[in-house]
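Taking it in order: structure first as C-alpha cells, then the write-up.
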Amino acid sequence: MSSTRIKGFADMFPPQSDMYTYMESVAREIFGRFGFVELRTPILEFTELFQRSIGQETDVVQKEMYTFADRKGRSLSLRPEATAGVMRAYMESGLSNREAVSRLFTFGPMFRYERPQKGRMRQFHQINCECLGSHSPFVDAEMLCMLWAFLHGVGLKDVELHVNSLGCPNCRPRFTQALQEYLHAFPKEALCEDCARRLASNPLRVLDCKQEGCRQITEKAPRLLDYNCPSCRTHFDKVLHLLEGHGMHPVLNHKLVRGLDYYCRTTFEVVSGNIGAQTAVAGGGRYDGLLRSLGGPDVPGIGFACGMERLSLLMGETPARHKLFCLLAMDEESRQQGWHLTQNLRLAGLAGEMLYAESGFKSLMRQAGKSGARYCLIIGPDESKQGKVVIKNMANGSQECLSQDRALHYLSTGQDTTGKDSNE
RNA sequence: GCGGAAGUAGCUCAGUUGGUAGAGCACCUGGUUGUGGCCCAGGGGGUCGUGGGUUCAAGUCCCGUCUUUCGCCCCA
C-alpha cells in the first residue's frame, strides 16, 4: 500500500525467510559432502566484468543490469548472476595454482531490472555451484547428481532434468549455419517477430521460442547433437551413460539452449510446470573457454544456478519450529522469578518465551495457548512464595507443581513420551 | 520496454440503477476469586491506493498516476 519499498525488492518474514534458511542449510550439507566449499563474493563488481563474461549482446547485460557510476566515475553493476564474480575471485586468488580442481558454491542476492512476476523479482536469490579445473565428463555427471540430490533434499518432486549438448567452438558454427539454412527455407511470416530478429543475431534462441508456429518449425530442425564433433559427442554420451547407470533419467531436449554466451558442451535445466510462466528452477552447463576469455588461465569449468524464489514455489511448508514452553506470571514477584527461570531454561538449551503483559489471567492463558508451546509454566503468588512453578501440558491438560529448580529436568527429560523430541 | 486484471478494516472479500461503509476470520475485554483451544456477549479499528473531473451527492461514473498481480520479452 504505502510505496516506500522498491519495486521488485521484497521483505521476507517467516515462514518465507525460514524456507530460505532451510534451503541454504540443506545445500550446505549436501554440497559439503560433494567436496564443495563456500565462497562469498561482493554484490558489486565492475560493469566490464559482466559485459565480458555474460556477453555484450545478451539482454541481461544490455538492459537488465543495475549499473551506475561510483564517486570516482567508475562504472559498477549489481551482479545479475554469480558466475562472473566467482571467476574473478578464482583468478585473483590464484587458486588454480594451489589445487587442480576447485569446487565452490555461493548463495546470495542477484539483481536484474525486469518486470516482476511469479517466480521473478528484481532482487532474487540463487544457489550457485561451480567446479573448475576438470574436463572430465565424470564431473558433469557429478554436478547433476549433486543438483538432483539437493532438489530431493528440499523435498522437490515433479521436476524433470533436461539436458543437451551445445558443442564447442569447433563444431557449433557448423550447426548454427545448418540451422540458419533450415530456417531460411521457410517464408518470412512463418516465424514470429522475435524469431525473425533472432535468426540473424542469435539463431540458437529460435529453438526455445514458445510460439506455436515457431515450435512446429523447429520440431524438425537440425539437432545440436548431430553436429557435435566426435570429442563433444563422446563427452556427452559418457555423461548420459553415467546418469542412466545411476538411475537418473535425464530428458534429452534438443531445443535446450542457454541465454548466456559462455556455455558449451553439456547444458541442462531442471524444469517444472508449476511456477507460472517460468519453467526453469535451475540451469547451468559447461563453460570451458570462459576463464581464458576473461584473461585468466585456460581452465575448464561447469556450474549451475538454482533460483530460490522458484524453488520456494515448489516446496511444501517448512516444518514449523516448536516452542517448548510459555511462561506466564501473575504478579511482580512472580514475574521476577519467572524471568530468571525463563533465561535459565534458554541458556540450558530449551526454547520458549515468557509473557510480560500485565493483563488478566485468562488473557495470559489464551496467549499461552496461541503460542503453540508444548508446556505452559505458571507462577502466581502461591508458587513464588515457595519457589515453585506449575507445569501444564497443553496437549492433554495435565499439570503438576514442582520446585523451579526441577523445572529444567522435567522439561528436558519429560515424564510423558511427548516431551522428548524438542528439536531446538 | 509492451499487454490483461486488480487496489474497500491486520487477512479474505461484499457493497445492489451514484445517497456520507459491511461480513467472515484475526485482535481486545468480559461470561464472579488462578487455567487456553469450543460457545456466548460486547469492543477497537477504514483519509474506500492516490490526484483531478462530472454531480446537490462518488467506494460506486470519467481521466491521470502509483502499486500489486498474471502474461510477453528475457532468464534461475
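Taken together, the values in this text are just the output of simple stated rules run on the coordinates, not laboratory data. Keep in mind that what you see is a predicted model, and the values were worked out from it rather than measured. Neighbour counts are summed over all protein chains in view; Cβ atoms, including those assigned to glycine, are modelled from backbone coordinates with ideal geometry.
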Query raised in the report: Angle between the Cα long axis of helix A:404-413 and the longest principal axis of chain A, 0 to 90 degrees, nearest 10?
Result: 40
Query raised in the report: Arranged from highest to lowest average of other beta-carbon atoms within 10 Å per residue, in what order do the peptides A:161-174, A:341-354 appear?
Result: A:161-174, A:341-354
Report summary line: Taking Cα atoms only, helix A:332-347 is inclined relative to the longest principal axis of chain A by an angle, in degrees rounded to 10, of 40
Report task. Could you point to the residue in A:Cys229, A:Pro250, A:Gly307 farthest towards the positive end of chain A's charge dipole, with +1 and -1 charges on the Cβ of Lys/Arg and Asp/Glu respectively? Result -> A:Cys229
Query raised in the report: What lysines sit close enough to A:Lys63 to cross-link, taking a C-alpha to C-alpha distance under 18 Å and skipping anything fewer than 8 places away on the same chain?
Result: A:Lys7
Requested in this report: Tell me, rounded to the nearest percent, the portion of alpha carbon pairs in the range A:325-413 spaced more than 20 Å apart.
Outcome: 23
Report summary line: Sparse-neighbourhood loop hits (chymotrypsin sites (Phe, Trp or Tyr not before Pro), the range A:318-409; DSSP loop; Cβ within 10 Å at most 15 others) -> A:Tyr356
Query raised in the report: To the nearest whole percent, what portion of all C-alpha pairs in chain A is separated by more than 42 angstrom?
Result: 33
Report task. Determine the percent antiparallel among the DSSP beta bridges restricted to chain A, to the nearest 5. Result -> 80
**Report entry** Over the range A:83-129, equivalent-ellipsoid semi-axes from the Cα gyration tensor in Å
**Finding:** 30, 10, 6
